[in-house]
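Derivation of every value follows stated rules applied to the coordinates shown; laboratory data play no part. Note that the structure is a prediction, hence the values are computed from the model and not measured. All Cβ positions, even for glycine, are placed from backbone atoms using ideal geometry, and neighbour counts span all protein chains on display.
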């Protein structure tokens, strides 16, 4: 089994955001920089790396919510609520 590096962890977070319809480069991130930084650090320390990788691999391209095991579910929800059009994109995907 390959242990993810911190760099690959940031890829997990980016993939999770893409599945949720959150634009990592969008204005939401700059407005919520502290939340984004907290999410990055939570992701790095997450004990559910294998579960996360499996979830990302088996989920469709768009989902409405992060999985329950994700320590960033609350932050991703906040980012979703604050990102204009994210909910609409997810409903139509």
Highest mean packing first, using Cβ neighbours within 10 angstrom, the peptides 74-81, 50-57 sort as 74-81, 50-57
Rounded to one decimal in nm, the spacing of the 7 Å Cα→Cβ label points at residue 82 and residue 48 is 2.2
